[in-house]
Structures are given as structure tokens and as C-alpha cells.
Amino acid sequence: MTWDSKQLLVPFHRNRKLKLFSLAFAFGLWIFVNYGERDTEKTLLVPVEFRNLPAQLVITGPRVDYIDLRLRGPRSLLEGIKSKRIRLDLNDVRPGMSSFRINADTLNLPRGVRIVRISPAQVNLDIARVIKRAVPVRLDVVGTLPHGYTLTTTELLPDKVEVSGPSLIVEKIRTIQTDSFDLTNLTQSVTPTINLRGPEDESVSYNVEKILVKIGVQEVVTTREFRHVKIDIRNTTKSATLTPAHVQVKVRGPQRVLEGSQVPAIGAFVDALGQKTGVATVPVAIVLSPGLELVSQEPVEAVLQFADDSKKKPRPVRPTTNRKR
């Protein structure tokens, strides 16, 4: 039997475009399948979630928030792993160190994907018991009051703060300090609101962030003697003399005034109004600056002698003294 080569090629020439398309499609599908199934590697940074931690417990110290993961497997499977989380159930933990192994079961990886590297492979958590404790507050004061003022009261409201946190940390806290309060320019009582410092550890909390502080300030009162204060004669046009011509005065008032760099104005005088020629005993009046109070003076009276009687020597009159307390 003789074969005609042209007849043999006839089936290949029929629907040639369709046959070429089918061949190309099959080849592409083969490449796609083999490329997708070829093993490759992928690196992921997987966040760690902690769930169901009992309310009376807290995690202390450093903890792992992410797992560095490198996987190997078919590309088609690895591309499907995009958002992965590691969830650790803390419902059964107790105070102390708790450890959790991270493996394929924990990650719930698809079949055909294996772990090449995992860091860290174990999560260690330090679990502590939460306690609440009342801790006294201490006011941090800087500077000093101006001269002549004194601090009378310092009341903190509240004077204790409830601190909540890990027992080992809270038990070491002896006092809670406020922000600094400056006394330098304070001359009257105030009631400021002041922030509390801390807490330094994020696992510790206060039941309040600020406190009210009542700060009482008052002037220091003191006494001072002024000797040889000149006595003036008022309401006369005649020449006259006084015996004695000076008075000693003791006054009470603010320390900042009596002990300041400037001497307060203190005066004394007698009133000659209605007095006739001759000799008269008149009261000595004291003039003080505002805020000062007279404690005593010596003498309280003086002898006033007019010049008209100068030819006749008057009989000496002894001035009376009185001390006002």
C-alpha cells in the first residue's frame, strides 16, 4: 500500500488556526500550573494578640508583639497567606512566667506550606497579680516666700491616691509626687490644681490625675521701737518750746514694712490750738503709716511753753508717762 504524503498532512491543515490556539493554550496552562506549584519562600511579620487575660492579672515586663516568620511552599498557596495573626489564649495563666510555643499548629498553615524560620519560636510572658493600694501624695515645693510672709497651711485634696497595678511594682511605691509649685512670688493664699507625676510604668494607673492644694499664706507681724521721734507743734503762730522734744514709740505691723529697706513714716505732734501764753501740758499724738499699730509711747504728754512767759521762769512740770500695751 502506497501512502500519499499530501493526504497524510490534510488533517493537520484543517482548522489550522484553532489547532494552533489550542496548542498555545495548553502550553500556557502547563507553564502556569508548573510555575504555581513550584516551591518558593515568603517572609511575614505576624502580629501577636493576647486574649482572655483574667481581670485580676496583668502582663509585666517586655512582651513579644510580632513574630518574624519565613515560610516555604507552592507559590499559589503562599500568595494566599497575606493577613495572618497569632492569637494566644491567656485564660488559664497564673502569676509567674508563662510560655507559649509557636509552631505550624499555632499558625494554622495550609497543607504543603512549612516553616523555614520563626523568631522567636517561644513567647514568654511574666504574669503578675493586680492590686490596689492607697499611697500618700507629697507636694513638691520650690522657691521661698517673699520676705515678711509665712506659710500657714498646706492641705492636699485628696492626700492619698489609689494606685492600681502589678503587686511587685505597686508595693514599692511609697509616695506620689506632684508637679513643682513655685512659692517665689506668692503673697496670698491660693488653691491651685496640680498634676501628679507618673506613673512611670505603663502597667500602673492612678484613680486621679490631679489634686487640689490649699496653700495658706499670711504676713509676718512684728514689733519695732523708734527712738527720738521729733514732736512737732501744730496750730500756733507763736514761738514755743516742748519738754521733752522727742518721744519714744513702739509699733506693731508687717515685718516687710518694719524691717524693710525704707523706714516707715512715723510722726508725733502736739496741738496748740486754744492754748494761751504761758505753760501747758498737752497730749502727744502719734501719726503712723497705714497698716501699723501703736503699742506704746513715752511720754504721752509734753510741756508746752510759749515765748511770752520766757521772763518768768516756769516751775518745772514733770511729764507723765504711760505705756500702752
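The values are calculated or read from the model by the stated rules, or taken from the named source; none is laboratory data. A quick note: this is a predicted structure, and the numbers were derived from the prediction, not measured. Surface accessibility is based on the protein's heavy atoms, side chains included, excluding ligands, DNA and RNA. Shrake-Rupley method; radii C 1.70, N 1.55, O 1.52, S 1.80 Å.
Some points to look at:
- Hull-based mean projected area of region 96-199, where the convex hull spans the alpha carbons, in square nanometres: 11.3
- Surface composition of region 87-219: carbon plus sulfur atoms hold 44% of the accessible area, using a 1.4 angstrom probe and ignoring ligands, DNA and RNA.
- Shape of region 166-214, Cα gyration tensor, a/c cut at 1.5: prolate
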